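Presented below is the structure to which this report refers.
Please treat every number below as a calculation from the coordinates, not as lab data. Since we're looking at a predicted model, the values are computed, not measured. Using ideal geometry, Cβ is built from the backbone for each residue, glycine included, and neighbour counts are taken over all protein chains shown.
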Amino acid sequence: MKITWKNCLRIGVSIFVLYLCIFYWQSVSAFIGSAIGAATPIFVGLGIAYVLNILMTGYEKHYFPKHSNKKIVSKTRRGVCIFLSIITLLAIIAVVVWLVVPELISTVTFLVSEIPILIEEALTTEWAQKILPEDILASLSSIDWAAYIEKIIDTLGSSLGSAVNMVVSAVTSVLSVTITIFISIIFSVYLLYSKDKMLGQGMRMLNNYVPARITDRIVHWLRVFNESFRGYIVGQCTEAIILGVLCTIGMYIFRFPYAAMIGAFIAFTALIPIAGAYIGAAVGALMMLTESPIKALLFIVFIIVLQQLEGNLIFPKVVGKSIGLPAFWVLAAVTIGGGIFGVLGMIIGVPITAALYRLIREDVNRREAAAKPPKPEE
C-alpha cells in the first residue's frame, strides 16, 4: 500500500473510531441496542417477506399462465398473488390456533382439578403402602391437597402484582406486539411488491462501489444462502404436512382421541427439526392423559415409531436432499441454535449451517484442485 495522505487519513479515522468504541462502549452498545430494537419491525418484515415470497412465486406460476402477456394479467399478478400469500399464511396459523389452543387450555384446567384426586388415589395403592414409611404416609394422607393446590395458585396469582398492573401490562404488551406485526406486514408487502426494482438497485450499487471479483463472490454467497433457506423451508413444510397426515391417519386407525387436532399441532411443531415432533407429542400426550393414561402411553409409543419412520425415510428424501447437510451437523445446528436463540435458533440454524457447509466444501475442493500437480499430458 502506497503511503499517501488519503491512506494516512483513513488509518487515522479508523483508529479514532476504534478508540471511541472501546472507551465509550456502554454508550455505543446502548445505541446499537436501541437501533436494533427500533429496526425490529424491519427484521420481522424481512422474514415475513421471505416466507411469503415462496408462496407468492408459486401463485405467480399458476396465475393465468396462458394469458401472461395480457396487460391486465401482468398488472394484477403481483398484487393478487401477495394477497393470496398473506391469506394462506394467516389461514394456516388460524387453523392451528383454533384446533389446539382451546383444547390445551381445557386440558390444563382439567389436570389441575384432577391432581388432588390422583394424589389421594396414589397414596392408597399397595405399592405406596410398601414403599413409604408409615409416618410419612400418614402425614401425606392428612393433607388437604385440593386446598393446598388452590393456595399455591392463589399465591402465584398474588405474587404477580395487582390486577390493574397485570391488565395494563398485558394490554401494553399485546398492543406493542400488534403494532410491530402490523408494521412488519406492511413493510413485507412493500418489499415484495418492489423486489425486482430493489434487487436491480442493489446490483447497480455493487457493480459501481465493489470490485467485480468481490461482487461475484457476494452474489454467489447470497445465492447459496437463498437456496439453502428456500430448500429448507419448502422441504420442512412438505415433511411437516406428510408427518401430520400420517399421524392423523394412524390415530384414527388406533382410535386415539383428538386425532385431527394433535395431527395438526404435530405438523406445526415439526417445522422445528428433530425436536419439533417430540414437542408436539408431549402436548398431545398431555391432552390424551385426560381421556386415558393407557392411550397416552400407547400414543407416545406410536409417535416414537412414526418419528423413526420419518427420520429414516421421509426426512432424508424430502429435506436431506434439499439442504445437503449430514445428520450430525443438523443435530449440532439445532442444539447450538436453540441454546443461543431459542426456538428461532432451532429453525434458522439448520439452513445457515447448510449454507456455510456448502461454501466451505466448495472452497476446500477449489484449494485441493489448485494444489494438485498437473498431469504429464497436460
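Backbone phi angles across region 195-205, fed through the Karplus curve with coefficients 6.51, -1.76 and 1.60 (θ = phi - 60°), yield HN-Hα couplings of 5, 5, 5, 5, 5, x, 5, x, 5, 5, 5 Hz in residue order; Gly and Pro are listed as x.
Between Ile183 and Ala371, the C-beta separation translates, for a Förster distance of 41 Å, into a calculated FRET efficiency of about 0.20. For region 3-25, backbone nitrogen atoms closer than 16 Å to the point 7 Å from Phe31 Cα along Cα-to-C-beta are found at 13-25. Highest mean first, the peptides 354-366, 15-27 sorted by other C-beta atoms within 10 Å per residue fall in the order 354-366, 15-27.
A simple spin-label model places the labels of Val51 and Ile241 1.6 nm from each other, with each point 7 Å out along Cα-to-Cβ. Using θ = phi - 60° in the Karplus curve 6.51 cos²θ - 1.76 cosθ + 1.60, the 3J(HN,Hα) couplings for region 281-290 round to 5, 5, 5, x, 5, 5, 5, 6, 4, 6 Hz; x is entered for Gly and Pro.
Exposure proxy check: Met205, Met346 ranked by fewest other beta carbons within 10 Å? Mind dumping the intermediate values first?
Details: Met205 11, Met346 23.
Listed from fewest to most nearby Cβ atoms, that is Met205, Met346.
Each residue of region 221-236 was assigned a 3J(HN,Hα) from its phi angle through the Karplus curve 6.51 cos²θ - 1.76 cosθ + 1.60 (θ = phi - 60°); the sequence is 4, 4, 5, 5, 5, 5, 5, 5, 5, 5, x, 5, 5, 5, x, 5 Hz, with glycine and proline shown as x. Ordered from longest to shortest, the equivalent ellipsoid semi-axes for region 210-363 are 36, 14, 12 Å, each the square root of 5 times a Cα gyration tensor eigenvalue.
Can you give the FRET efficiency for Asn226 and Ser292, using 1/(1 + (r/R0)^6), R0 = 56 Å, r = Cβ-Cβ distance, to the nearest 0.05?
Details: r = 48 Å, r/R0 = 0.85.
Efficiency, from the Cβ-Cβ distance: 0.70.
At full extension, Tyr19 and Asn208 could sit 64.9 nm farther apart than now, given 0.36 nm per residue minus the alpha carbon distance. Amide hydrogen proximity for Ser292: with H placed 1.01 Å from N in the peptide plane, no residue at 5 or more positions away or on another chain lies under 5 Å. Note: relative contact order over region 210-363, using C-alpha pairs below 8 Å and six or more positions apart, is 27 percent. Projecting label points 7 angstrom from Cα along Cα→Cβ for His67 and Arg361 puts them 4.5 nm apart.
Looking at region 217-257, which trypsin sites (Lys or Arg not before Pro) are DSSP coil and have at most 14 other C-beta atoms within 10 Å of their C-beta? Don't skip to the end; give the middle numbers.
Details: sites: Arg217, Arg223, Arg230, Arg255; in loops: Arg255.
Filter output for region 217-257: Arg255.
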